[in-house]
Amino acid sequence: MLTYNNRTALVTGAGRGIGKAIAETLAKNGVTVICVSKSADSCGAAAAAITAAGGKARALAVDVSDGAAIAKAAEALLAEVPVIDILVNNAGITRDGLLFRMSDADWNDVISTNLTSCFHWTKHLARPMTRARWGRIVNITSVSGIMGNAGQANYSAAKAGMIGLTKSLAREFAGRSVTVNAVAPGFIKTDMTTEFVTKPELAAKILEVVPLKRFGEAADIANMCAYLCSEESGYVTGQVFTVDGGMAM
Ligand code: NAP
């Protein structure tokens, strides 16, 4: 049994897939969740589903690739509540392609959405956590950031960058009991992976390198996050937890 003491969390990319599962899992445990996504429809539907199930949630449409938009949103939130106790940086995109065909826009969009967004959200939300002497920050990276992946130079660089950010901030905030950890999913069934998961030949090829011989569910990642956001994980910081069916071991 994990405990959360009625904390408040902000989860980015909570409109769909892994972020939605994280938001739902935290809400089931009594956490008030601010669901952030790019489209108002997406985070609105996710927050409405949580509320309909008896949880506490609200929607906030923010383009996380826009640092000024994050600053504005964070300032408005912190005018309402003194602290957001839990931050899950989950929003992410892919723009895959081999290096020689990768455009500047494909590089910059992936770095700003996946990596720079974590810098901005953390910069704005971590200060009140450090003052409160309690906080949980979880960054959703990827096995691509650990192993590398041909065709994903931009994404792997962003995800590896998130790991460096996680470890540095874990050291910066440790004295204030704010933990910073990363979760590295393998192949999880979401909109991001539909292309791989639904093509039988491609799916079979991928599963050859997954010892547990199945794709992961969003709930598999949410369960790991739930632990890292709980009171009970207070002695765990600066770590990267792969949830990948054994692929990167
Ligand atoms: P997904 O189903 O494509 O959902 C992505 C979410 O991120 C959506 O809610 C989307 O908002 C939001 N988002 C994207 N760009 C945004 C922006 N500029 N501003 C605000 N929100 C934005 O992806 P997923 O598979 O759940 O992936 C979640 C995280 O896990 C990502 O960081 C991804 O890199 C990582 N990951 C996934 C896998 C996998 O196999 N699925 C593996 C390793 C790592 P809208 O709903 O408004 O579009």
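The values are calculated or read from the model by the stated rules, or taken from the named source; none is laboratory data. Keep in mind that what you see is a predicted model, and the values were worked out from it rather than measured. We place every Cβ from the backbone using ideal geometry, glycine too, and count neighbours over all the protein chains shown. Remember, those area values only see protein heavy atoms, side chains included, never the ligands or the DNA or RNA. Shrake-Rupley method; radii C 1.70, N 1.55, O 1.52, S 1.80 Å.
Among residues other than PRO128 with Cβ under 14 Å from its Cβ, the summed charge is +4 (Lys and Arg +1, Asp and Glu -1).
Charge tally for GLU24 (other residues, Cβ to Cβ under 15 Å; Lys, Arg +1; Asp, Glu -1): +3. Maximal additional length on extending the PHE196-VAL81 stretch stands at 37.2 nm, based on 0.36 nm per residue less the C-alpha distance.
Please report the relative contact order for the range 194-249, taking Cα pairs under 8 Å with a sequence separation of at least 6, and give it as a percent rounded to a whole number. The normalised contact order for the range 194-249 reaches 41 percent. Would you mind computing, in nm to one decimal, how far apart the modelled labels at ALA68 and SER177 are, each placed 7 Å from Cα along Cα→Cβ? In this crude label model, ALA68 to SER177 measures out at 3.9 nm. Taking ASN29, ASN90, ASN181 in turn, the Gaussian network model of the chain (Cα-Cα springs below 10 Å) assigns the largest fluctuation to ASN29.
Based on the Kirkwood radius over alpha-carbon pairs, what is the Stokes-Einstein translational diffusion coefficient of the chain at 10 °C with 1.306 mPa s viscosity, in µm²/s?
88
With a threshold of 20 Å on the Cα-Cα distance, the over-threshold entries among LYS159/LYS205; LYS20/LYS205; LYS28/LYS56; LYS38/LYS72; LYS20/LYS189 are LYS159/LYS205; LYS20/LYS205. In the context of the full set of protein chains, the chain has a per residue accessible area of 48 Å² (1.4 Å probe). The GluC sites (Glu not before Pro) of the range 146-249 that DSSP puts in a loop, and whose beta carbon has at most 15 other beta carbons within 10 Å, are GLU208, GLU217. Distance from the C-alpha centroid of the range 234-249 to that of the range 132-187: 10 Å, rounded to the whole angstrom.
To put it simply, the accessible area of the chain at a 1.4 Å probe is 55 percent carbon and sulfur.
For the chain, the relative contact order comes to 20 percent (Cα pairs under 8 Å, sequence separation of at least 6). Span-like helix criteria (full DSSP H runs; alpha carbon extent of at least 27 Å along the helix axis; mean Kyte-Doolittle hydropathy of at least -1.0) are satisfied in the chain by 153-173. Note on SER168 and ASN223: with the Förster distance fixed at 35 Å, the Cβ-Cβ geometry gives a FRET efficiency of about 0.85. Ordering PRO211, ILE18, VAL183 by the projection of their Cα atoms onto the charge dipole of the chain, which places +1 on the Cβ of Lys and Arg and -1 on the Cβ of Asp and Glu, puts VAL183 at the extreme positive end. Extending 7 Å from the Cα toward the beta-carbon at both LYS56 and ARG214 defines two label points whose distance is 3.5 nm.
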